[in-house]
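Asks: Quick one: the structure is below, and I'll ask about it shortly.
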Amino acid sequence: MTALDSSPCRPSTSIMPSFRQRPSTATLMKDAREHRRIARVLRVVVLPAIVGVHGCAESQVAAPAMATSPTSKSTVAAQAAATTTTTEAAALDAPPMKASFTLEQAIAEALARHPLLRAARADERAADARVDEAHLRELPSAGVSAELNRSTGNTVPGAFFYSQGFPAISGPVEGKALNAGNWQTGASIWASWDVLTFAREAGVIDSALAQRRVSTARVSVVQLDVAYGAADAFLLLLEAQETVRAAQATVDRAETLVAMTKPLVDQTLRPGVDLARAQAELAAARTLLANATQARDVRRANLAVAIGEAGLVVEAAPGNVLEPVDVPRQPARIADNPQVVEANAVVERFSGERAAVRAQFLPRIDLVAALYARGTGLSVVGLSQSPANGLVPDVANWAAGLVVTWSALDIPSISARSRAANADYTAAIARRDQVVLAVSGQLESASAFLRGAQSIARETPIALSAARAAEQQALARYRTTLAPIVDVADAERVLTQAEINDAIARIEVRRALLALARAAGDLGPLLSR
């Protein structure tokens with residue numbers, strides 16, 4: 001054994017399995033929702049290094065005791081386990097993960113992760129399965145049957161309605177002896193088909209197909225809502241970030257004003273009220289920055305939820321969002337909006353349900369056929385006893401026929417269901433009209449929003465340029481004692497508001513275009529700009 005092999009810093013093989021098999025770590029690894037926290041554990045803390053250093057120190061201190069104590073290994077293992085717990089707790093308390101997204105990346109992340117979309121796609125798959133089920137109902141019923149029993153054969157003349165617990169008996173009258181009975185066997189191949197099944201199931205199939213279109217349209221609606229929610233949350237966060245940037249610039253200017261005013265006041269070149277006013281402006285600027293930071297953090301959380309990653313610290317990367325954008329001139333078609341498509345599919349579904357209810361007035365006409373064989377342990381006149389005392393079905397028969405069933409007393413209940421189906425159909429049409437009205441209103445509102453945002457965006461650069469010039473002139477005049485500090489404070493307030501308005505105005509144009517694209521039902525043209 002080399003000196004390196006016998007070093008007390010070398011980890012013990014009896015300690016490492018105990019460290020790796022901690023129940024808390026195994027639980028975290030099994031829980032898929034905790035995978036990001038586990039990643040932070042591995043990134044923030046280098047577990048092998050920490051365990052190695054701690055084990056080295058502990059083993060050096062406890063080396064004499066380990067030579068004489070039989071429980072030294074378990075003690076070291078317990079210490080390593082305690083170190084592991086402390087390490088995990090420190091790692092889980094680490095700062096949350098951060099990520100930066102552009103507008104397109106935020107939308108793509110939301111569409112890939114949001115649970116609403118997973119639910120909508122699952123509903124779509126369920127609707128596909130129900131369409132297959134509706135088509136399969138048109139097929140005839142067919143199957144095989146077999147029976148083995150041991151029973152007596154005491155037949156009784158006369159008719160008897162079938163009831164539970166009264167097996168049918170065939171054959172001549174045998175007497176009344178309640179003996180041990182005989183074996184009875186049977187096997188059959190049978191089939192039946194409702195002649196009017198196509199008329200009866202046509203409405204059901206139409207309703208199922210319409211429901212599938214509803215589910216497909218619902219996926220498009222959810223995609224639109226999720227993408228819009230992520231995009232709008234992104235733009236609102238970008239507005240908050242620009243506001244924080246403008247507020248920070250205000251704080252910097254206020255600090256400069258205080259630093260410039262204090263020497264003048266100390267030299268009695270300016271009255272003491274100027275320093276008080278400068279300090280008040282600095283406090284107001286810091287308050288503005290705190291409010292802007294608070295709004296930014298809230299909107300960060302909103303964007304994280306919108307993209308399906310709650311707890312993630314998100315930064316909005318501007319990309320080309322702050323650049324000028326072309327305004328679409330082609331009018332949007334209301335019929336292409338996924339909400340309108342979904343409403344039309346709902347109307348078709350209720351139309352199919354109405355047809356299915358009307359088909360219930362038809363009688364049921366079944367073509368039936370069977371090929372079967374029976375065996376019995378009873379002695380039958382003219383026939384030899386079945387082999388193995390009835391355990392083998394050896395007497396074959398076939399049958400075919402037409403069965404008509406129609407219940408006249410069902411007509412009132414079917415009529416009630418028909419009236420309900422008609423009312424549902426009328427309500428679906430009314431809801432479709434309401435959706436069209438709402439989408440039309442969204443288009444008009446978004447158009448007005450866009451026109452106003454464009455007008456504001458044309459004016460804010462002019463106001464910003466004038467505010468900067470006024471602030472510079474007021475500051476220069478204050479330095480030469482030609483203007484009071486009030487002029488500088490007012491000019492800086494105007495400049496701060498102009499900077500915030502200019503940044504927000506450009507983003508508001510994008511938000512207006514986003515609202516217009518949502519009303520049109522397609523965010524693609526907006527993202528391509």
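The values are calculated or read from the model by the stated rules, or taken from the named source; none is laboratory data. From a predicted model like this one, the values you see are computed outputs, not experimental measurements. Positions of Cβ are generated from backbone atoms using ideal geometry, with glycine treated the same way; all protein chains shown enter the neighbour counts.
Asks: Looking only at region 298-314, count every residue that is at negative phi and surrounded by fewer than 14 Cβ atoms within 10 Å (Cβ to Cβ) and tell me the total.
Replies: 2
Asks: Quick one: how many residues across region 325-336 are at pLDDT below 80 and either closer than 21 Å to Ile107 by Cβ or assigned to a strand (DSSP E or B) (or both)?
Replies: 5
Asks: Looking at (1) free of Cβ contacts under 8 Å to residues at least 40 places away in the same chain; (2) within 30 Å of Ala233 (Cβ to Cβ), can you tell me which one Gln473 breaks?
Replies: Tallying (1) free of Cβ contacts under 8 Å to residues at least 40 places away in the same chain; (2) within 30 Å of Ala233 (Cβ to Cβ), Gln473 fails exactly one: (2).
Asks: Working only within region 194-215, note down all residues that are part of a helix (DSSP H, G or I), out of contact with any helix residue (DSSP H, G or I) (no Cβ under 6 Å at 6 or more places or on another chain) and not aliphatic (A, V, I, L, M).
Replies: Within region 194-215, Thr197, Phe198, Glu201 meet the criteria.
Asks: Could you list all residues from region 479-492 that are in contact (Cβ under 8 Å) with a residue 24 or more places away in the chain and part of a helix (DSSP H, G or I)?
Replies: Result: Arg479, Ile485, Val486, Val488, Ala489, Ala491, Glu492.
Asks: Here is a follow-up. Quick check, is Arg468 exposed (fewer than 13 other Cβ atoms within 10 Å of the Cβ) and more than 28 Å from Ala355 (Cβ to Cβ)?
Replies: Numbers: exposed (fewer than 13 other Cβ atoms within 10 Å of the Cβ): no; more than 28 Å from Ala355 (Cβ to Cβ): yes.
Answer is no for this residue.
Asks: Of the residues Ala106, Ala168, Ala112, Ala99, which single one is modelled with pLDDT under 85, of a type outside the set (Lys, Arg) and closer than 19 Å to Ala230 by Cα? It would help to see each step written out before you state the result.
Replies: On the way: Ala106 fails: modelled with pLDDT under 85; Ala168 fails: closer than 19 Å to Ala230 by Cα; Ala112 fails: modelled with pLDDT under 85.
Testing whether each residue is modelled with pLDDT under 85, of a type outside the set (Lys, Arg) and closer than 19 Å to Ala230 by Cα leaves just Ala99.
Asks: Residues of region 346-378 being among the small types (Gly, Ala, Ser) and out of contact with any Leu (no Cβ under 9 Å at 6 or more places or on another chain), which ones?
Replies: Ser351, Ala355, Ala356, Ala369, Ala370, Ala373
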